[in-house]
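Structure first, then comments.
Quick note: the coordinates plus some simple rules give every number you see, no bench work behind them. Note that the structure is a prediction, hence the values are computed from the model and not measured. Virtual Cβ from ideal backbone geometry, glycine too; neighbours counted across all protein chains shown.
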């Protein structure tokens, strides 16, 4: 039998990436990236002078089609692989990234009559203009005593599905009415590929308040939000939600024409970029936490039972690996933190030194910071420059740096910021463990592990967990390809489960960051101080951060 | 009668400055500066390979003589004033800057046999190596129930007279034994000028635990420190302490030879640079606080009755103006704060912008910060980068910055640091007022008022007090010249009191910084938050700063 291949397509914020991998061992054969021609739409609707309001962020559904048209033919051409040997295709997506569509799958934004209506376009994950709707939703759910909020750390985010849907209804009821379907971009692309409208358990669970046991919130709840939304699930969504790795359908002729793949190729249920990465890092069982470290941190861990862990982003059965509970938590400011520091706080002398040594400024800072011992700077920070996602779920918290003296150096602050994010991760880890979700080891992926070994060692020392790194640096696309192989199934040369696919197709590097006991001893002391400050400023003893933020908003509004 | 002149000589940390002024109106006729040839001695004893221990800071007494020899002839030559028309000379000095001397006034360091003994040299105010002695002194005073500590905010500083004297005894008992006298540099220079050994009420009161009513601590106290010190006051100091403006004596022939002045010219009792400035800023009465704003802030205010104000540096009758109580408080990190920020936290892009606009980086930051409204940054800082002098008297406190977000800009941090020092001043002002010492207005002098109008306005807005600026920018030397005119007396063409001299010779500028009510309203809110954090971290609720500092010291010691 000739080698078989699977195709994963990772739809990011700025671009889409196709990766063709060998199903036997996951080796990466060819890759291709397409930068969305309309990118992130946050100022004007394309080809119009229609200005978007603050906090809006849209995308163009045609950009997703262009990814299919550009990248898949490119990897086929580059690899020379015969389309017949590509047994399955799967995608992963940002989420919640959602759009209104007609019953035939046409996105409203693709129709000329809706082209100039902002609410007809795709609302990207970082569209934050539905905050009023999110606030009302949380209030009403609390008032009426709905317990589903407990599965989401107590709060639904403005980024999620129903606040965004409700914003359409609030601000453009005709667009809402014209939408036969409201659907995740992930599921919409699978629809375009396979002709089948499906809903995946990952976005439904983490972003649309669905659970395998309880389904969606009751119609009464939606009615309480707005009587016109009473039947939103039956009218515009679907109560059929499918686990990850399931075959959604087969490639249509049209999609085959776009991509150069064979009609009939297996298409998997869609997935989310973070969650699809978990099996691609070798993790398919409880006990090992996967952290995707980039601008922010996303923590995922599996369990056998549902646990309501305070401050987590969500727990979803079948949300990561079919048959298991998938727990997610997050830190809203990690790489962004270091970028802020480099852009705003690094003196000219350091920039010059970096140039003279021919290294990037981050690298210079890492080198200088690596020469410090834990505790040597006397500094301690709270990593809340962008609020706190887990475990406090409070966007109004702000950053804190304590311990500075006239001898404090930039690399000491830089290290303190890294350490602060590590303490933040440790609180998440400990909160999981206290609530019955084991975290014995960590697997780290995303942009940071490759770029900053000091950060990896600090996370190991602070959390007291060994940290492993997956071999692949295209972890989302690899995870998708693995799901494509599962959708194809063993008979077609793929796998019957993601666990099997993971064993064959995913690998860890030899390099491991083990905790250094002497560092752990110091970090245990510093972490205790961090927890005291975390609770003092974060749990109501002194709400100074919120008062300062409110004052700032008041003053800016009066200008 | 021809115009009369007075000469003031200001002995600073790096140099001495002579200023010749017209006694009638204080107009400044000529000035000259001499940079000490041996400067601050903190690495090696001059012309030796004898390395000093950390925290040592010495000076060469011959440098003070060279100031007299260089600067006084220079101002006479520049001005063309006849020596006979110079009616009085007075000096001011850093303090406590002290030295051992022989009974004839020779400094031990001037004797060849002591030239290579570090303890024979002048201990500069910022010699911090007597901290163990200061700690023991405070402990013993507390144990034995001496109440004099209350006049000094509860603690004697390692910078002061008896810790430094005790260090000599501890580490070089033969030097201690050879010292017939232990004396402030200020009084030693007056001795060299006039041939009279005198002790001024300012250094005696603020630095040597003397009070007009109680004198020095009892011999039993010194005996408790070390039996060999039992009679230190009678053996090596003097119980005769004279108020400021008193005539110490007349210029000797030798000093006349050094300076070109006439023998017999009136020489005033010595003074301290900060305290001598007060009448030179027009302040000779209660109600107006003088703040000398430089690397640190020194706050001085007068009162009619002794009040034990928590955390002040000292209260001394006759300490600033004869007949009044002089209160002093301090902030240990002001200009140093902004210098630290500029050196460590300002990005290259800002340096470039400053260069392009042809302005200093401080000025660019001030311009940018001045465009912000109070409260607009959402930031709040504790100004403890160099510990806290008043009102907490705790060198182990450290800096804090709270409220940072990913949108925080350098100028916002810069402004927050300025505001933090203003809140620190407000706590001092309010502590004085709560304890019966009125502070109705502020007069600001030192290096900062000329350089940073934004800082002045913020201090006015935060404290709710109008801030005035004296006309002279050589305020210490002017204050000294005024005291020289008082030592000469009215009959010789001078004045009979410093109050009269101040009325004639000192002036304020027309420019006044009045509080802006809308700013005050916002700053009242921010100040309340500052006080909460100040008390939480500074008064024992959470000693995290001290624990981090102790951990840092432990780790550095183990390296």
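Structure summary
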quantity: Neighbouring partner chain Cβ atoms per residue of A:344-353, average, 10 Å criterion; calculated: 6
quantity: Computed over chain B: relative contact order in percent, which uses C-alpha pairs under 8 Å that are six or more apart; calculated: 16
quantity: Residues residue A:353 and residue B:353, FRET efficiency given R0 of 30 Å [Cβ-Cβ distance, rounded to 0.05]; calculated: 0.90
quantity: Average projected area [Cα convex hull, region B:1-100], square nanometres; calculated: 7.5
quantity: Förster radius 22 Å - calculated FRET efficiency between residue B:520 and residue B:367, Cβ distance, rounded to 0.05; calculated: 0.45
quantity: Alpha carbon Rg of region A:445-559, scaled by the compact-globule rule 2.2 N^0.38 Å; calculated: 1.68
quantity: Rounded, prolate or oblate (a/c below 1.5 giving rounded, otherwise prolate when a/b exceeds b/c) for region A:350-476 by Cα gyration tensor; calculated: oblate
quantity: Rounded Å value of the spacing that divides the Cα centres of region A:223-255 and region B:52-73; calculated: 86
quantity: Label-point gap, in nm, between residue B:396 and residue A:492 - each point 7 angstrom along Cα→Cβ; calculated: 6.9
quantity: Sorted peptide list for A:90-102, A:404-416, criterion being average Cβ within 10 angstrom, highest first; calculated: A:90-102, A:404-416
quantity: Residue-averaged beta-carbon neighbours from other chains (10 angstrom radius) around A:409-415; calculated: 1
quantity: Reciprocal mean inverse distance between Cα atoms of region B:137-291 - Kirkwood radius, Å; calculated: 17.2
quantity: Burial ranking of peptide ranges A:455-464, A:482-491 (average Cβ count within 10 Å, highest at the top); calculated: A:482-491, A:455-464
quantity: Sum of -39500 (n - 2.57) over DSSP H runs of 4+, divided by residues of chain B (222 nm, nearest 500); calculated: -12000 deg cm²/dmol
quantity: Cα-derived Rg over Rh, computed across chain B with Rh taken as Kirkwood radius; calculated: 0.96
quantity: Descending semi-axes in whole angstrom, ellipsoid equivalent of region B:1-52, from the Cα gyration tensor; calculated: 37, 8, 7
quantity: Fraction in percent of alpha-carbon pairs per bin - 5 Å, region B:276-376; calculated: 3, 11, 16, 15, 12, 10, 10, 10, 8, 4, 1, 0
quantity: Sequence ranges A:15-21, B:143-149, ranked by mean other-Cβ count within 10 angstrom, highest first; calculated: A:15-21, B:143-149
quantity: Inter-site label distance for residue A:140 and residue B:343 at 7 Å from Cα along Cβ, in nm; calculated: 5.9
quantity: Prolate/oblate/rounded label for region B:21-167 (Cα gyration tensor, a/c 1.5); calculated: oblate
quantity: Peptide A:391-402 - average C-beta neighbours from other chains (10 Å radius); calculated: 4
quantity: Per-selection Kirkwood Rh - region A:396-465 (Cα, Å, 1 d.p.); calculated: 13.7
quantity: Contour excess over end-to-end distance, with Cα ends at residue B:550 and residue B:212 and 0.36 nm allotted per residue; calculated: 117.7 nm
quantity: Rh by Kirkwood over Cα pairs, then Stokes-Einstein D for region A:131-171 at 1.567 mPa s and 4 °C, µm²/s; calculated: 126
quantity: Residues A:51, A:507, sorted so that the one with the fewest Cβ neighbours within 10 Å comes first; calculated: A:51, A:507
quantity: Alpha-carbon centroid distance for the pair region A:327-355 / region A:81-147, whole angstrom; calculated: 31
quantity: Per principal axis, descending, Cα span of the protein assembly as shown in whole Å; calculated: 115, 55, 52
quantity: Ranked B:225, A:251, criterion: other C-beta atoms within 10 Å, fewest first; calculated: B:225, A:251
quantity: Region B:16-150, relative contact order [Cα under 8 Å, separation at least 6], %; calculated: 24
quantity: Computed lengthening from residue A:512 to residue A:177, 0.36 nm per intervening residue step minus Cα-Cα distance; calculated: 115.2 nm
quantity: For region B:216-264, fraction of C-alpha pairs farther apart than 14 Å, in %; calculated: 66
quantity: FRET efficiency estimate (nearest 0.05) - Cβ-Cβ, residue B:528 to residue B:148, R0 30 angstrom; calculated: 0.30
quantity: Whole-Å distance, taken between Cα centres, linking region B:523-550 and region A:473-541; calculated: 38
quantity: Amide N proximity, region A:300-322 versus residue A:535 label position 7 Å along Cα-to-Cβ, cut-off under 19 Å; calculated: A:309-312
